[in-house]
Amino acid sequence: MSANLKDQAAILKKLGIESLNSMQIRAQEAIAQNTEVVLLSDTGTGKTLAFLLPLLAKLDPALAAIQLLILVPSRELAIQIEQVIREMGSGYKTNAIYGGRAGYQDRIELKHAPTILVGTPGRVADHIRTSTIDTTHIETIVLDEFDKILEVGFASEMREIVSELSALKNKILTSATQNVAFPPFLDLRRPTQINFLTEGDKKLQIKTVVAKNKDKLKTLANLLRSTETQNGIVFCNFKDSIRLVSDFLAGDQIAHACFYGGLEQVDRERALIKFRNGTHRILVATDLAARGIDVPELDFIIHYELPPRVEEFTHRNGRTARMHAHGTAYVLKWQQQNLPPFIISDGDFIIPPVKDSYASKWVTLYISGGRRDKISKGDIAGLFFKEGQLHKDELGIIELKPECAFVAVSKKKSSQLIQKLNNRRLKKKKVRISLLK
């Protein structure tokens, strides 16, 4: 079955996409015509849309039951895919379930079964055990970033889930890594493999930055200043390293957000919101940020601590030079440090004379009302333009969640906006507006 071209054109228009890339076209054809497909493509090339378009065409709009199950390795990827499906305007109820939030929230959302369920294996398996999820009509399963799902230890949960899918017909696996063994419990017979990992010109430059001694913090700060208004991720291996780097950057007045597994889920989500909307242009993170998070095109990434394996090096680098863009991966080392053999540099980068820290023009405001209150992005924009008297260039990205919203606004206008708009009505709800710290 192939997607209706008229419907597809409408979806692409909603997403602001002029046309599909070659990988997405090939994947769409393969998934429409085959029951087992393995899609290999670099991070950021649009794999989510590549498998969603043909799979939406396989759904039965008359059946009020879960038909498509998408398993992912992280909460962030679950939220990201759910958001993409909503933005596509498919008309199919979609829910994302994952660890780190109260189970009762899942039960409320799953009371009326979605057509598409996105989730982490641990949380999905929990709900199958308690019969919150009916697996009777699930004909399609997607293992998105399946190698990462296996790597983080979800093999037994996935095996348990697949054993409950009596109606399973279609199996789709995606990855940004080659030569990964397929999970035996999937019982893949002759999967169609689409490999776009080696396609394209070299858009990534790998540059070595040499610090004079083991304490690389001052060199890191100078490097970040040299990137001026560009945005990027500083990768560390451990959360203790992130704390060390973050404290130093804060003392050097370099604004940034932090992202790692030890943070509460709400703090991780808000760090990404501020990074996406430009409040912060730098994210200091562990390898949790190397895959499965929704962030804008990155100009650079920095290996503050060298990755232990080639896989981590590849996935970190995959956050920049995505799609049609170019990017730089900076490898930060001290003079007597040898690089592992899998890091091949294009040459040294000499940091130019540093400037003052870049100060973002944006801050993020929190609004205590969201999609469940029938509030739209247009309603929020209208409030800030009409009542807040903002100019177009003073209102940034609006992110709408079920219970709340986040808005990037001009830092210069933030205080007066809070005074003027706090406790105003949006639709029928009186909302609180405050600065997101």
Quiz item: Residue by residue through region 40-49, which ³J(HN,Hα) values in whole Hz follow from phi under the Karplus form 6.51 cos²θ - 1.76 cosθ + 1.60 (θ = phi - 60°), with glycine and proline marked x?
Solution: 10, 7, 4, 4, x, 8, x, 5, 4, 5
Practice problem: Could you compute the FRET efficiency for Ala181 and Thr130, with r as their C-beta to C-beta distance and R0 at 35 Å, rounded to 0.05? | Solution: 0.65
Quiz item: In debye, nearest 20: dipole of region 204-334 around its Cα centre with unit charges on the Cβ of K, R (+) and D, E (-)?
Solution: 280
Quiz item: Dipole of region 235-281 (Lys/Arg Cβ +1, Asp/Glu Cβ -1, origin at the Cα centre): which of Val245, Thr279, Gln265 lies farthest to the positive side?
Solution: Thr279
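Compute the signed sum of charges (Lys and Arg +1, Asp and Glu -1) over the other residues within less than 14 Å, Cβ to Cβ, of Gln230. Numbers along the way, then the final one.
Values: positive: Lys207, Arg225, Arg281, Arg319, Lys355; negative: Glu228, Glu297, Asp299.
So the surrounding residues net to +2.
About its Cα centre, how strong a charge dipole does region 1-102 have in debye, to the nearest 20, once Lys and Arg get +1 and Asp and Glu get -1 at the Cβ?
My answer is approximately 240 debye.
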Quiz item: Do any of Lys239/Lys355; Lys58/Lys171; Lys386/Lys427; Lys392/Lys413; Lys377/Lys401 go past 19 Å between their Cα atoms, and which?
Solution: Lys239/Lys355
Self-check item: Selected from Tyr358, Asn34, Ser415, residue furthest toward positive end of dipole (the chain; charges at beta carbon)
Solution: Ser415
Quiz item: Of the chymotrypsin sites (Phe, Trp or Tyr not before Pro) in region 205-254, which ones lie in a loop per DSSP and count no more than 14 other C-beta atoms within 10 Å?
Solution: Phe238
Quiz item: Dipole of region 5-195 (Lys/Arg Cβ +1, Asp/Glu Cβ -1, origin at the Cα centre): which of Leu15, Leu71, Asn179 lies farthest to the positive side?
Solution: Leu15
Quiz item: Can you tell which of Cys258, Cys404, Cys236 shows the greatest fluctuation in a Gaussian network model of the chain with Cα springs below 10 Å?
Solution: Cys404
Quiz item: Once the piece of chain linking Ala250 and Arg309 is laid out straight, how much longer is it, given 0.36 nm per residue of separation minus the C-alpha distance between them?
Solution: 18.3 nm
Quiz item: Where does the charge balance sit around Phe154 when Lys and Arg score +1, Asp and Glu -1, over other residues with C-beta under 14 Å from its C-beta?
Solution: -3
Quiz item: Mean separation of Cα pairs under 8 Å and 6+ residues apart, divided by the residue count of the chain: what relative contact order is that in percent?
Solution: 15
Quiz prompt | Test item: Cα-centred dipole of the chain, Lys/Arg +1 and Asp/Glu -1 on Cβ, debye | solution = 1800
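A short reminder: the numbers here are calculations on the coordinates, not readings from a lab. As the structure is a computational prediction, the values presented were derived from the model and not from experiment. Note that we place each Cβ from the backbone using ideal geometry, even for glycine, and neighbour counts take in every protein chain shown.
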